[in-house]
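Nothing in this text is a laboratory measurement; each read-out follows from the coordinates by a stated rule. What you see is a predicted model, and the numbers here were worked out from it, not measured in a lab. Glycine gets a Cβ as well: all are built from the backbone with ideal geometry, and neighbour counts include every protein chain shown.
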Amino acid sequence: MTRTTIDMPAPSARTLGRARAKPSGMSRRKRRDAIIGYAFISPAIIGLLLFVGYPMVTSLYHSFTQWNGLTPAQWIGFTNYVQMFTHDPTFWPSLGVTLLWVVVSVPVTIAAGLGLAVLVDRAFKGVKLFRTIFYLPVVLPAVAVLTLWKYIYDPTYGLANEILRALHLPTVMWLGDSHTALASILIVGVWGIGGTMIIFLAGLQAVPTELAEAAKVDGAGPIRRFMQVTLPMIGPILLLQLVLQLNGAFQTFTQVAILTKGGPGTSTDLLMYKIYTDGFANFIASPNLGYATAEVWVLFIIVMIVTLGMLRLTRGRFTAGNEA
């Protein structure tokens, strides 16, 4: 058999030049697109560096200093942290109360928000009005609302004890008793779960109705349909709420500052409020912003450890439809 050879014309210099120029042209185009992209996001990057990055770096530095906010900071090393863990008589009780608050308030808030969302997810007359009423506490001024709650909890003429008297039940000191003060603040927090309800409601309305109908045909009751169909489908929303509630619980401040000011004793002295009192409450007499900044970093590390641990424990368990 004879092999036929076909002579192909040699590529010209112009063709080779175009072939070599093509990758260079693509890289220039990509470089131009990257420059345009970075130009558009540069305001966000600059803002992040100026208002988040720089304050974090400077606060970390000031946590190792003796600083009153007015004069130059003096480097003292780990003195603030040593004092915090070994000599501050209020730090460990405050941390304990904070952890107790997180453990109790986060599950209660999530459960109440989810239950309320399930309630208003049904189609009945006036449902939009109920959704508005339940969401109303979120948009009301926090200071005004908490001041009103302070009068409600008044042991002498407050509405809470008036209701107990009408029901022939013993009255409670509420904010004035170390055994009930934290629970009283929790009631206020649960009263304002409208934001949690709205996010859960959005997740519930995104669940395909075909899945629940198919489970109903298979004989599943309402509770089983909710646990095995609805709940797995809103897994990402549940994880989001868990992260948000954890971070919010660790940073609880306004309720304590207005209702109890950390009392009675240290029963409601949450770490966020202690940071405020250490850094600003005695600002004129003995300001200690360096020590308060060290407490901020301890709180930040605790929040990061708890959040990352929670995400690791729940990895793969809150994926939409993973159990459907």
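Take a quick pass over the chain and tell me how many lysine pairs come in under 30 angstrom between Cα atoms, counting only ones 8 or more apart or on separate chains.
On the way: Lys22/Lys30; Lys125/Lys216; Lys128/Lys150; Lys128/Lys216; Lys150/Lys261; Lys150/Lys274; Lys261/Lys274.
Lysine pairs satisfying the spacing and distance rule in the chain number 7.
Could you give the distance between the Cα centres of region 38-87 and region 222-252, to the whole Å?
Between the Cα centre of region 38-87 and that of region 222-252, the gap is 34 Å.
Rank Val97, Pro264, Pro155 by how far each Cα sits towards the positive end of the charge dipole of region 80-313 (+1 on Lys, Arg Cβ; -1 on Asp, Glu Cβ) and give me just the farthest.
Looking along the dipole axis, the top candidate is Pro155.
Mind listing which trypsin sites (Lys or Arg not before Pro) in region 95-186 are in a DSSP loop and have 12 or fewer other Cβ atoms within 10 Å?
Numbers: sites: Arg122, Lys125, Lys128, Arg131, Lys150, Arg165; in loops: Arg122, Lys125.
Counting only loop positions with at most 12 other Cβ atoms within 10 Å, the trypsin sites (Lys or Arg not before Pro) in region 95-186 are Arg122, Lys125.
Charges on Cβ only, +1 for Lys and Arg, -1 for Asp and Glu, centred on the Cα centroid of the chain; of Leu136, Ala183, Thr254, which one is farthest towards the dipole's positive end?
Leu136
How high is the FRET efficiency from Thr90 to Ala166, r the C-beta distance, R0 41 Å, rounded to 0.05? Can you show the working numbers first?
Numbers: r = 39 Å, r/R0 = 0.96.
Taking R0 as 41 Å, the efficiency between Thr90 and Ala166 is 0.55.
Going by C-beta contacts inside 10 Å, put Ile305, Ile193, Ile237 in order with the fewest on the left. Walk me through the intermediate numbers first.
Details: Ile305 10, Ile193 25, Ile237 20.
Listing Ile305, Ile193, Ile237 from fewest to most nearby Cβ atoms yields Ile305, Ile237, Ile193.
Can you put Glu210, Glu295 in order, fewest other beta carbons within 10 Å first?
Values: Glu210 8, Glu295 25.
Listing Glu210, Glu295 from fewest to most nearby Cβ atoms yields Glu210, Glu295.
Got the relative contact order for the chain handy, in percent, Cα pairs under 8 Å and 6 or more residues apart? Write out the running numbers ahead of the final one.
Working: 313 pairs, mean separation 80.9, N = 324.
Dividing the mean separation by the residue count of the chain yields 25 percent.
Could you give the size of the charge dipole of region 171-324 about its Cα centre, using +1 on the Cβ of each K and R and -1 on the Cβ of each D and E, expressed in debye and rounded to the nearest 20?
On the way: 8 positive and 8 negative charges, 40 e Å.
That gives region 171-324 a dipole magnitude of about 200 debye.
Which three extents, in angstrom, do the Cα atoms of the chain have along their principal axes, listed largest first?
The Cα atoms of the chain stretch 113, 71, 35 Å along the principal axes, largest first.
With +1 on each Lys and Arg Cβ and -1 on each Asp and Glu Cβ, and nothing else charged, work out how big the dipole of the chain is about its Cα centre, in Debye to the nearest 20.
On the way: 24 positive and 14 negative charges, 416 e Å.
It comes to approximately 2000 debye.
Say R0 is 35 Å: what FRET efficiency, to the nearest 0.05, do Leu49 and Leu159 get from their beta-carbon distance?
Working: r = 49 Å, r/R0 = 1.41.
Once rounded, the FRET efficiency stands at 0.10.
For every helix of n ≥ 4 consecutive DSSP H residues, a contribution of -39,500 (n - 2.57) applies; sum these over the chain, divide by its total residues, and give [θ] at 222 nm rounded to the nearest 500 deg cm²/dmol.
Numbers: 15 runs with 200 residues, N = 324.
Result for the chain: -19500 deg cm²/dmol, rounded to the nearest 500.
How much FRET efficiency would the formula 1/(1 + (r/R0)^6) give for Ile305 and Thr58, where r is the Cβ-Cβ distance and R0 is 22 Å, rounded to 0.05? Display every interim value, and only then the final one.
Numbers: r = 23 Å, r/R0 = 1.05.
Given R0 = 22 Å and the Cβ-Cβ separation, E is 0.45.
Hydropathy first: keep DSSP H helices in the chain averaging at least 1.0 on Kyte-Doolittle, then drop any whose Cα extent along the axis falls short of 24 Å, and list what survives. Mind showing how you got there, number by number?
Working: long enough: 13-48 (51 Å, -0.18); 91-120 (42 Å, 2.00); 289-313 (36 Å, 1.88).
Taking the DSSP H segments of the chain (at least 24 Å long, mean hydropathy at least 1.0), we get 91-120, 289-313.
Could you put Tyr273, Tyr157 in order, starting from the residue whose Cβ has the fewest other Cβ atoms within 10 Å? Let's see the in-between values first.
On the way: Tyr273 23, Tyr157 8.
Fewest to most other Cβ atoms nearby, the residues stand as Tyr157, Tyr273.
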